Amino acid sequence: MKITVLVDNISNDAQGLKAEHGLSFFMQADERKFLVDVGATSLFIENACKLGVDIADVDYLILSHAHADHTGGLEAFLSINSKAKIYLSENVCGRNFFSTRRGVKRNISIDHRLLQLHEERFIFVNKNTSVTENVKLISAIPCIYSAPKANATLFADNAPDDFLHELAVVVKNDNGSASVISPCTHRGILNILDAVKNYNVSKFVGGLHLLDSDEKNSFESVEEIQSLAHEILKRNIFLCTGHCTGINAKNILSKELGNNFAEFYTGFSVNL
């Protein structure tokens, strides 16, 4: 099994693919076709065509959380695909989501109108749930370790976002190992790895929401990211990251993890 990035913040120009601040993955498992997130716009569809992926033929769409850079392409998806069941957390319902990171409170919510117009397509998850035999959604994520500091700029309605609307995906392989797909990892990678400790996880694919500090925001220090890398090494996890993992964070993680690290981009594929 492999996973392919249909859209990410960065693109491989040699493939003629485009990038945006968003994320969408495509994979096949259990003789079914899956999308995990749909980016910020319909761009994932344009890239999918160039990569030979037929969006109309997707069997399942998993929405990892309610933010617009992962759900903005939903209307375009629904206009093309008439069969896929769409999984998301029930904690999305009735809530609006905001970011203040750029100094102004911006609505970054999923389009709730679509949830009502296509109600029959959606399956709302409130616990760990099997989609197929080897693909499982993880909703029960503990808060043992610190969450990414950039979460402090994100809100659900008027309260700090608790990210109970975030889902991770576990894919079990024939060899007995498993991979985790977590597009933004707002709950924190160590918390998610703890949630899947009963699986033989060898690979983690997704953004880590470790944004780089700037003149207005102070996030994880070099030492904190190094410590995180050491914890990942202890668990013998191969980390494949991009999207919301900052440049400095990726450089530190790459140095500390060595051969256990890879950076993804639009058009990138990796075996699960």
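The values are calculated or read from the model by the stated rules, or taken from the named source; none is laboratory data. Note that the coordinates shown come from a computational prediction; the quantities given were computed from them, not determined experimentally. Because the Cβ atoms are built from the backbone with ideal geometry, glycine has one as well, and the counts that use them run over all protein chains shown. Side chains included, ligands, DNA and RNA excluded: accessible areas come from the protein's heavy atoms. Shrake-Rupley method; radii C 1.70, N 1.55, O 1.52, S 1.80 Å.
General remarks:
- Expressed as a fraction of 2.2 N^0.38 Å, the value expected for a compact globular protein of N residues, the C-alpha radius of gyration of the chain is 0.93.
- Of all DSSP beta bridges confined to the chain, the antiparallel ones make up roughly 60%.
- The chain, relative contact order in percent, only Cα pairs under 8 angstrom and at least six apart counted: 19
- Label positions at E46 and T132, each projected 7 Å from the Cα along the C-beta direction, are separated by 3.0 nm.
- Accessible surface computed residue by residue for the range 122-272, with neighbouring protein chains in place and a 1.4 Å probe, gives 43 Å² per residue.
- Using θ = phi - 60° and Karplus 6.51 cos²θ - 1.76 cosθ + 1.60, couplings along the range 75-89 (whole Hz; Gly, Pro as x): 4, 5, 4, 5, 6, 9, 9, 10, 10, 5, 7, 10, 9, 7, 6
- Additional length obtainable on full extension of the chain from I247 to E223, 0.36 nm per residue less Cα span: 7.1 nm
- Contour excess over end-to-end distance, with Cα ends at F124 and S269 and 0.36 nm allotted per residue: 49.3 nm
- Free of any GluC sites (Glu not before Pro) that DSSP assigns to a loop and that have at most 15 other C-beta atoms within 10 Å, the longest stretch within the chain is 32-132.
- Inverse of mean 1/r across different Cα pairs in the range 16-167, Kirkwood, Å: 16.2
- All C-alpha to C-alpha distances of the range 115-272, sorted into 5 Å bins beginning at zero, yield P(r) values of 2, 8, 17, 21, 20, 16, 9, 4, 2, 0 percent in whole numbers.
- Stokes-Einstein D for the range 179-267, Kirkwood Rh over Cα pairs, 25 °C, 0.890 mPa s (µm²/s): 187
- Rh by Kirkwood over Cα pairs, then Stokes-Einstein D for the range 158-211 at 0.692 mPa s and 37 °C, µm²/s: 277
- Rounded D (µm²/s) - the range 104-149, Kirkwood Rh over Cα pairs, Stokes-Einstein at 20 °C, 1.002 mPa s: 152
- Theoretical FRET efficiency, 1/(1+(r/R0)^6), r = Cβ-Cβ of D57 and N198, R0 30 Å, to 0.05: 0.35
- Taking the 1.4 Å solvent-accessible surface of the chain as the whole, the part contributed by carbon and sulfur is 46%.
- Computed on the Cα atoms alone, the convex hull of the range 25-88 gives a volume of 73 cubic angstrom per residue.
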